[in-house]
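The values are calculated or read from the model by the stated rules, or taken from the named source; none is laboratory data. Keep in mind that this is a model prediction, so the values were computed, not measured. Glycine also receives a Cβ, built like all others from the backbone with ideal geometry; neighbour counts cover every protein chain displayed. Remember, those area values only see protein heavy atoms, side chains included, never the ligands or the DNA or RNA. Shrake-Rupley method; radii C 1.70, N 1.55, O 1.52, S 1.80 Å.
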Amino acid sequence: MIRRNRLGFRITSAGGNVSASTDSLGSLFSTINGGMPAYVHPSTAYVTAAQGTLTSSSGWAKQSEGGGITFNTAAGVIEFAASATQQIARLTLGATIPNGTTVHVQVGSAGSGAFVVRLGPTNQNVGTGSIHGWKTGTITANSNKTYLEIVQNGGSGNAMNFTGICVEPWSIASQPLDIYILAGQSNMAGASSGSIPDRAIEIPHPDVFARWGSTQSAHWVTDGGISRARESFIMKANNLAVSPGLHIGRYLAANYLTSGRKILLIGSAQGGTSLLQNGGGWNPTGTNPVLVDDMIADALAAKALNAGNTIAGMFWCQGESDRGASGGANYITKFPGFVSYVRSGLSEASLPICIMGLNPWRSTGLAADTNTTEMIAAQATLAEGAANGITGVCYAGYSTSWPNGTKPIPDDEADQVHFGTEANRLRGVHAAQTFVNFVS
């Protein structure tokens, strides 16, 4: 089944630049900064959209307040003032959640305090947090639940506000999924992007989900469950900043998803790992191919959740650890075997793969580095139709000609390898855009 891009973009697979379109990457990035797509309330099964986005305070009540709680319907947030004592706001659910029912809960937070989201009675924590962004979680009720509470822990400097609160029935096994693998090293994980997620930009999409858990060294099926994707994104080594992952998923959901299906992102990236080194984790013929084997196992386990699930594609961002003398030439030799190994392991002979290019500013904007230049050039030649092209592979490079507001100059200029936060957002959209045009 071919699903066409509806936006009219066309991108070259080898060069990664816009060749002709109704938009530019610069203006697309500006659209993202304004919140693309806009927040959509996923479900009103237990919480109405008005209650969840605080455009109505109906059903909300203060259980205890120290510094003060305000239901700010004009701004669409519930505000907790700084307080030395615990504060609790309670929302009476529109229907009782029966004992044994699995539900998904999400909430968007902003501020510097620590908080807990829980369902009651017999309070059951769904998630905790202390930073800006979105929290998501899935639990099975241990009793009949009639209310949700946001609990702000007491302490200094902990003013916070919340919105986007949703409680919905949950059964991921009943959802036919398009599964996408996000693999590579730190520039996929986003571990060095320099900024925490922004609630107004890193907006969860109702149809995009991800593995969730607490131990990155285990498979997601044994380590945790699946919930709506958000940043920071769970990879093999957890990142605390902004990766390209959520933005890849949001673009795919908006432009390449059949009605009635959902997207599941499998985060398999880990910083400092190698394809070329014997024990680098990604080398299928090496002594310790744990990363590539774990990635395959996770994707197959996700596919097995539903007979309608498909493994739809892979986004690959790796190569920083493999720069060096002849690194580019060796990558050209090694990568085809890696692709064959992955496709064989997944039983997906034509799995489409998008290579996301390295940071070009290491060589052109911050410090001359011919090893990086050579690796960037080598990876570009692996795209279908290029000099060393592999069928079903496209390339999404990052262009230094893009507007200044999107330059990936690292937040710490001593770091000459990693993309910054704004660049990770943009290149996530760009990679998904490149992928959609390529497979369409």
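Restricting the stretch 233-256 to residues that are over 12 Å from ARG211 (Cα atoms), open to solvent by less than 10 Å² (accessible area, probe 1.4 Å) and not in a helix (DSSP H, G or I) leaves a set whose member that is modelled with the lowest pLDDT is ASN239. The number of residues in the stretch 113-153 that are open to solvent by 20 Å² or more (accessible area, probe 1.4 Å) and touching a residue at least 60 places away in the same chain (Cβ under 8 Å) comes to 5. Whether a residue is out of contact with any Phe, Trp or Tyr (no Cβ under 6 Å at 6 or more places or on another chain), farther than 25 Å from LEU264 by Cβ and not in a helix (DSSP H, G or I) was assessed, and LEU358 passes this test.
Cβ-Cβ contacts under 7 Å between residues 6 or more apart (or on different chains), taken from a first residue in the stretch 379-395 that is free of Cβ contacts under 8 Å to residues at least 12 places away in the same chain to a second residue that is open to solvent by 10 Å² or more (accessible area, probe 1.4 Å), are listed as ALA387/THR381.
Residue check: is GLU374 more than 20 Å from ALA423 (Cα to Cα), open to solvent by 50 Å² or more (accessible area, probe 1.4 Å), acidic (Asp, Glu) and touching a strand residue (DSSP E or B) at 6+ places or on another chain (Cβ under 8 Å)?
Criteria not met by GLU374.
Output the residues belonging to the stretch 158-199 that are over 25 Å from TYR147 (Cβ atoms), open to solvent by less than 10 Å² (accessible area, probe 1.4 Å) and small (Gly, Ala, Ser). Correct list: ALA183, GLY184, ALA189, GLY190, SER193.
Of the residues that sit in the stretch 257-308 and are assigned to a helix (DSSP H, G or I) and β-branched (Val, Ile, Thr), which one is most open to solvent (accessible area, probe 1.4 Å)? Top of the filtered list is VAL290. For the residues VAL126, VAL167, the requirement of being under 30 Å from ALA307 (Cα atoms), modelled with pLDDT of 85 or more and in contact with a helix residue (DSSP H, G or I) (Cβ under 9 Å, 6 or more places away or on another chain) singles out VAL167. Highlighted here are the strands (runs of 3 or more DSSP E) found entirely within the stretch 79-163 that include at least 3 residues which are over 27 Å from the mean Cα position of the chain (by Cα): 87-97, 145-152.
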